[in-house]
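First up is the structure itself, then whatever we jot down about it.
The values are calculated or read from the model by the stated rules, or taken from the named source; none is laboratory data. Remember, predicted model here, so these are calculated numbers, not experimental data. FYI the Cβ positions are ideal-geometry reconstructions off the backbone, even for glycines, and counts take in every protein chain you see. Please note that ligands, DNA and RNA were not included when accessible areas were found on the heavy atoms of the full protein model with its side chains. Shrake-Rupley method; radii C 1.70, N 1.55, O 1.52, S 1.80 Å.
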Amino acid sequence: MGCVQAVLAGKVGIALGVANHRSLAWSIAQAWHNAGARVLIGYQGERFKKNIDELLPELGPDSLAFPCDVASDQELDRFFTELASKVGYLDFLLHSIAYAPREALEGRLLDTGRAAFNTALDVSVYSLIGLAQRAAPLLRKGGSLLTLTYYGSQKVVPHYNVMGVAKAALEATVRYLAFDLGPQGIRVNAISAGPVNTLAARGIPGFTEMLRYAAQRSPLQRNVSLPELGAVATFLVSEAASAITGQVVFADCGYSIMGG
Ligand SMILES: NC(=O)c1ccc[n+]([C@@H]2O[C@H](COP(=O)([O-])OP(=O)(O)OC[C@H]3O[C@@H](n4cnc5c(N)ncnc54)[C@H](O)[C@@H]3O)[C@@H](O)[C@H]2O)c1
């Protein structure tokens, strides 16, 4: 590892939301590891354990993985108790988690039921607050929280529906958490990623068409790559971004600047 790349040497980060090797959280975990950080993994539960066991060795011998279903306060408490006993402190935490019931991503937002709405907002938004509450005491000064959002928070993207509402709430949550945690020297930011073919993305009807459309319409005429997202995430948790907090940083090959 060259010294230019080791910008996160001596740091400890945890990435929540690794489902498999395509997950945005996995590319970010790899980038952090390559930049010299010790990287731990949080995953949803038993369903993904086999994938995690296969991937974890790539993060080196000091990595660890813990299950955590963010929809449960008890799980969050257990997760952080275990984390505190195993590592003691953190420098950064990635929240790369979203979920909406399938039926809420079909048809119209107009038809969204209360239960689907609550589930989407609970898992995709409240979870960042629940994680921030418990991570704050472990985060060292200069530490940060990072989450993933999407342009469907600002503009209508057909089928994104309740996830667009959830991402708008997530982006507002980033700003309020940045205000709350700023005095402690902790930053909070979001990356607004262009479309990438992942497990969650495949739950959105017409996603392949979205990928093609975004590549055609972006100024760079392509979609963002996983290593590019890893590089942005490395920058945002590094000392180089020490004055950046409460922001949504677009990594979308410029798609979001287009007006028509
Ligand atoms: N893929 C894209 O095109 C794209 C674009 C912009 C933003 N994002 C965002 O990136 C983030 C990661 O998604 P991804 O595309 O890597 O897909 P992914 O399916 O690989 O990751 C989503 C993760 O959320 C986790 N999750 C869902 N419910 C959970 C729960 N109750 N407890 C714990 N974990 C839970 C899943 O286990 C999974 O690891 C999401 O917030 C997504 O909205 C994705």
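Annotations for the structure displayed:
- For region 85-99, a residue qualifies if it is within 9 Å of the ligand (Cβ to nearest atom) and buried (at least 23 other Cβ atoms within 10 Å of the Cβ), and the qualifying residues are HIS95, SER96, ILE97.
- Summed over region 53-62, the residues that are in contact with a helix residue (DSSP H, G or I) (Cβ under 8 Å, 6 or more places away or on another chain) and buried (at least 17 other Cβ atoms within 10 Å of the Cβ) give a count of 2.
- Residue that is surrounded by the most Cβ atoms within 10 Å (Cβ to Cβ), among those in region 5-51 that are among the aromatic types (Phe, Trp, Tyr) and in contact with a Leu (Cβ under 9 Å, 6 or more places away or on another chain): TRP32
- Cβ-Cβ under 9 Å pairs, at least 6 apart or on other chains, region 232-260 side of a type in the set (Gly, Ala, Ser), far side open to solvent by 50 Å² or more (accessible area, probe 1.4 Å) and assigned to a helix (DSSP H, G or I): ALA241/PHE235; GLY246/ARG175; GLY246/TYR176; GLY246/PHE179; ALA251/GLU228; ALA251/ALA231
- Number of residues in region 126-151 that are assigned to a helix (DSSP H, G or I) and open to solvent by 10 Å² or more (accessible area, probe 1.4 Å) equals 8.
- Among the residues of region 211-240, those that are of a type in the set (A, V, I, L, M, F, W, C) and in a loop (DSSP other than H, G, I, E, B) comprise LEU220, VAL224.
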